[in-house]
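Undergrad: Submitted below is the structure of interest, expressed as structure tokens.
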Amino acid sequence: MGKDELAKRVKVIIKRLAENYPDAKCHLDFKNPFELIVSTVLAAQCTDVSVNKTMTPLYKSKYKSPKDILKDGTEKFRDSIKTINFYNNKTKSIIALCEKLEEKHKGKVPGDMESLTELPGVGRKSASVVLGNCFGKEDVIIVDTHLKRVSARLGLIENDNPEKIEMELKEIVPPKEQFYFSMRIGEHGRLVCQAKKPKCGECFLSDICPSFNKV
Ligand code: SF4
């Protein structure tokens, strides 16, 4: 597809996503950057619902800062998050993350991509989630499984590698729209363009989607 045609398609997609999901937001519960960064790390290969169920009461009762988790120690923390998939490895990641936050950032979560991605267990996706949701950054693309799948079906990307996908989408989605586009396309992936059986018949993008009824 030519660049002009792609640009036209993206414009329509952005507009329709905004009309249909004006308030799409993060599915992890959080009250501050600390809660969101911890929950984002815990949500790898696990549902947001399960992370919320375990973590929301814990944030309320005892884990209000990296210090609180470190004070509790590895074993107690591991015990507290036992319901979450891969809790053993995730405990190690969260303890390392909290140590680094204390050592380098006085217990606060930094608000820039470089510092965030230097933290243990935090890749560009998690960093973008925190930057967009907590620091008001609009020029972030959150490459999660939904964005990957739906963008590919819509013919917006050619790559499979998350960093390349991020670059491809950054070239065609205006900076001010990138965070909202990420949240909304994620919502479309959850509600309509699902992995196994996309609901093409009820999709508001069916007239411009090259994968319509082909998945
Ligand atoms: S038409 Fe089908 S494949 Fe294309 S975005 Fe909609 S649900 Fe997904």
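The values are calculated or read from the model by the stated rules, or taken from the named source; none is laboratory data. On a predicted model such as this, the values are computed, not experimentally measured, just so you know. Counting neighbours? That spans all protein chains shown, and the Cβs are built from the backbone with ideal geometry, glycine included.
Undergrad: Return the only residue of 124, 149, 190 being away from the ligand (no atom under 16 Å from the Cβ) and not acidic (Asp, Glu). Even if it seems obvious, please write down each step before you answer.
TA: Values: 149 fails: away from the ligand (no atom under 16 Å from the Cβ); 190 fails: away from the ligand (no atom under 16 Å from the Cβ).
One residue alone meets the criteria, 124.
Undergrad: Then there's this: Regarding segment 19-36, can at least one residue be identified that is part of a helix (DSSP H, G or I) and over 22 Å from residue 132 (Cβ atoms)? Steps first, please.
TA: Taking segment 19-36 and keeping what is part of a helix (DSSP H, G or I), we get 19-20, 33-36.
From the residues that got through so far, the ones that are over 22 Å from residue 132 (Cβ atoms) too are none.
No: zero hits.
Undergrad: Out of the residues in segment 202-212 meeting the condition of being more than 7 Å from the ligand (Cβ to nearest atom) and in contact (Cβ under 8 Å) with a residue 12 or more places away in the chain, tell me which one is farthest from residue 6 (Cα to Cα).
TA: Of all residues in segment 202-212, those more than 7 Å from the ligand (Cβ to nearest atom) come to 202, 204, 207-208, 210.
Okay, now just the ones that are also in contact (Cβ under 8 Å) with a residue 12 or more places away in the chain, so 204, 208, 210.
Working: 204: 18, 208: 11, 210: 12 Å.
Step by step, filter segment 202-212, then rank; the result is 204.
Undergrad: Further question: Mind checking which residues of segment 132-176 are under 15 Å from residue 41 (Cβ atoms) and in a helix (DSSP H, G or I)? Explain how you work it out, then say what you get.
TA: Initially, segment 132-176 is screened for residues under 15 Å from residue 41 (Cβ atoms), giving 133-134, 142, 144.
Across segment 132-176, the qualifying residues are 133, 134.
Undergrad: Further, regarding this structure: If I ask for residues that are touching a helix residue (DSSP H, G or I) at 6+ places or on another chain (Cβ under 9 Å) and more than 16 Å from the ligand (Cβ to nearest atom), which ones from segment 152-164 would you list?
TA: 158, 159, 160, 162, 163
Undergrad: Can you tell me which residue among 79, 29, 48 is touching a His at 6+ places or on another chain (Cβ under 8 Å) and modelled with pLDDT of 95 or more? I'd like the intermediate steps shown before the answer.
TA: Details: 79 fails: touching a His at 6+ places or on another chain (Cβ under 8 Å); 29 fails: touching a His at 6+ places or on another chain (Cβ under 8 Å).
Selected residue: 48, the only one of 79, 29, 48 that is touching a His at 6+ places or on another chain (Cβ under 8 Å) and modelled with pLDDT of 95 or more.
Undergrad: Which of the residues belonging to segment 110-126 are farther than 16 Å from residue 96 by Cα and either outside the structural domain of residue 65 (by TED's automatic domain parsing) or not in a loop (DSSP other than H, G, I, E, B) (or both)?
TA: Selection gives 113, 114, 124, 125.
Undergrad: Conditions first: (1) of a type outside the set (Gly, Ala, Ser); (2) more than 9 Å from the ligand (Cβ to nearest atom); (3) under 20 Å from residue 166 (Cα atoms). Residue 196 passes all but one, so which condition is the exception?
TA: (3)
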